[in-house]
1. List the relative contact order of the chain as a percent without decimals, with contacts defined as Cα pairs under 8 Å and 6+ residues apart.
2. Looking at the P(r) of the stretch 75-223, how many percent of alpha-carbon pairs lie beyond 23 Å?
3. Within the chain, what whole-number % of the accessible surface is contributed by carbon and sulfur, with the 1.4 Å probe and all protein chains included in the calculation?
4. Using per-residue counts of other Cβ atoms within 10 Å, averaged over each peptide, order 34-46, 9-21 from highest down.
5. Rounded to the nearest 500, what is the chain's calculated 222 nm mean residue ellipticity when only DSSP H runs of at least 4 contribute -39500 (n - 2.57) each, over all residues?
6. Can you list the residues, at least 5 places off or on another chain, whose amide H is less than 5 Å from the amide H of Gly75, using H built in the peptide plane?
7. Scan around Ala112 for amide H atoms under 5 Å from its own, H built in the peptide plane at 1.01 Å from N, and keep only partners 5 or more places away or cross-chain.
8. Please give, to one decimal in nm, the separation of the simple spin-label points placed at Ala2 and Val128, each 7 Å out from Cα toward the Cβ.
Amino acid sequence: MAPTYDIEQLLLAQPSVRTVAGVDEVGRGAWAGPVTVCAVVTDLSEPPAGLTDSKQLTPARRGPLAAELAAWAAGVGFGEATHEEIDTLGMTEALRRAARRALEALPVRPDAVILDGKHDYIGAPWPVRLEVKGDAASVSVAAASVLAKVRRDAHMATLGCDDYGFADNAGYPSPLHQEALARLGPTAHHRLSWSYLDDLPRWRHLKRHRDPLAGEGQAALFG
């Protein structure tokens, strides 16, 4: 089923809500590169044809659709947290910072946010409605998922690192990526607090141990 405006309309029925943003992230489970968050506001018009969760689209379709979405949306904001921030702060806090940057980059401040998933990593002062599989249910979240994916994939492809296959795997685990790590070690773009280093005896000494008071860290991804 195609995403609809049902959730947006439910929120807009509240007297205090005039603008709703859909928010989604990409890069959470990658071993390298930033985490990217996109926030999208629409005017409730018909979205470009074929819009759905970005994971259901081929790369060949995602690129052109992202261009259509950028022209169609009433507002688009992006936010990123670098791999250094992830290592220092943990993923939960990195996501919060990236999401706030995305929301603050919108041309209008939304009165409510639809966030894909079951964990609110944004928090106050944003009124957040969590929606599991929101990227398949909500038009604005689906648009955010596509735009975030295309933006981050394009960034990862510019980093080079051909031995690691970033242009294809965007820093996520893959056989080529794993083989290159074992042979060459992490690049300047890798997250050094990630547990993949535990399986690389030659490079294990490079692992960073984050201050537990700085954030909730990688364990929060799978809890």
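1. Numbers: 462 pairs, mean separation 61.9, N = 223.
RCO, the chain: 28 percent.
2. Values: 4839 of 11026 pairs.
Value for the stretch 75-223 (Cα pairs over 23 Å): 44 percent.
3. Working: 5720 of 10400 Å².
Answer for the chain is 55 percent, counting heavy atoms of protein chains only.
4. On the way: 34-46: 22.8, 9-21: 14.8.
Answer by packing, highest mean first, reads 34-46, 9-21.
5. Details: 9 runs with 83 residues, N = 223.
Taking each H run of at least 4 residues, the total per residue is -10500 deg cm²/dmol.
6. For Gly75, the qualifying residues are Val41.
7. Here Thr19, Ala21 satisfy the definition.
8. Placing both labels 7 Å beyond Cα along the Cβ direction yields 3.0 nm.
The values are calculated or read from the model by the stated rules, or taken from the named source; none is laboratory data. Remember, it's a predicted structure, so these values are computed and weren't measured experimentally. Quick reminder, even Gly has a Cβ in these numbers, built from the backbone with ideal geometry, and neighbours come from all protein chains shown. In case anyone asks, the SASA skips ligands and DNA or RNA and just uses the protein heavy atoms, side chains included. Shrake-Rupley method; radii C 1.70, N 1.55, O 1.52, S 1.80 Å.
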